[in-house]
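The values are calculated or read from the model by the stated rules, or taken from the named source; none is laboratory data. Note that the structure is predicted; figures quoted are calculated from it, not measured. Every residue, glycine as well, gets a Cβ built from its backbone with ideal geometry; the counts of neighbours run over all protein chains shown. Quick note on the areas: whole protein, heavy atoms, side chains included, nothing else; ligands and nucleic acids left out. Shrake-Rupley method; radii C 1.70, N 1.55, O 1.52, S 1.80 Å.
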Amino acid sequence: MNLRRLTSADLPRLRQFWIEHWGSEEMISRGNIYRPEQLEGFVVEDDPEWIGLVTFFIKDNECEVTSFDSLREGQGIGSQLIEKAIEEARARKCERLFLITTNDNLNALGFYQKRGFEIVTIYRGAVNESRKRKLSIPLTGFNGIPLRDEIELEMSLRA
């Protein structure tokens, strides 16, 4: 397995990855639309397959994780990726690293909290609003839970 930084040459593959795993080549978070060409990130490869991916957007001393995928659970891929995102955010002098997940994603909520992230905000009904712009968002998510809310988690990076 190889972890490396995404490059502009990866854009077509990133778009395809998002379509396959997220239903679109756009991500919506808190009403903001993110496209691959706006983002930075890291990928874990098991040549030629992408088995892990994290993308992020840095603005105003904050780093937002915009997508996170580990396709082989229990192998440390997700941990590697989130550690790399933390390392990058610190190197770029970000004061916090944050992300949005949804109310149905119980595995993600556990994963992030075990790694030091804290729940800071629940945006009630935010997924319903995003669904108006991204029709591929389903009504029901993981575990048969109605998909409605966005949950913001953060890690403070202040010294």
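Per DSSP H run of n ≥ 4, the term is -39500 (n - 2.57); total these for the chain, divide by its residue number, and report the mean residue ellipticity at 222 nm rounded to 500 deg cm²/dmol.
-8500 deg cm²/dmol
So what are the ³J(HN,Hα) numbers for the range 110-118, from phi and the Karplus equation (6.51, -1.76, 1.60; θ = phi - 60°), rounded to whole Hz, Gly and Pro as x?
So the Karplus estimates, Gly and Pro as x, are x, 4, 5, 5, 5, 9, x, 7, 10 Hz.
Would you mind calculating the gained length between Phe142 and Glu26 on full extension (0.36 nm times residue separation, minus the Cα-Cα distance), in nm to one decimal?
39.7 nm
According to the square roots a ≥ b ≥ c of the eigenvalues of the Cα gyration tensor, what is the shape class of the range 88-157, taking rounded for a/c under 1.5, prolate for a/b larger than b/c otherwise, and oblate for the remainder?
Prolate.
Please give the per residue accessible area of the range 1-117, computed with a probe of 1.4 Å over protein heavy atoms only, in Å².
With all protein chains present, the range 1-117 gives 50 Å² per residue.
Can you give me the long-range amide H partners of Glu150? Hydrogens built in the peptide plane at 1.01 Å from N, cutoff under 5 Å, separation of 5 or more residues or another chain.
Under 5 Å from the amide H of Glu150 lie the amide H atoms of Tyr123, Gly125, Ala126, Val127, each far enough along the sequence or on another chain.
Please give the length that would be gained between Glu87 and Ser8 if that part of the chain were fully extended, namely 0.36 nm times their separation in residues minus their C-alpha to C-alpha distance (nm, one decimal).
Extending this stretch completely gives an extra 26.3 nm.
Using 0.36 nm times the number of residues separating Ile119 and Glu95, minus their current alpha carbon distance, what extension gain do you get?
Roughly 7.0 nm would be gained on extension.
Quick one: net charge around Gly78, please, counting Lys, Arg +1 and Asp, Glu -1 for every other residue with C-beta under 13 Å from its C-beta.
Taking every other residue near Gly78 into account, the sum is +1.
Between Asn107 and Leu71, how many nm apart are label points set 7 Å from Cα along the C-beta direction?
About 1.4 nm, to one decimal.
Mind ranking Arg124, Arg131 by accessible surface for me, highest first, 1.4 Å probe?
Arg124, Arg131
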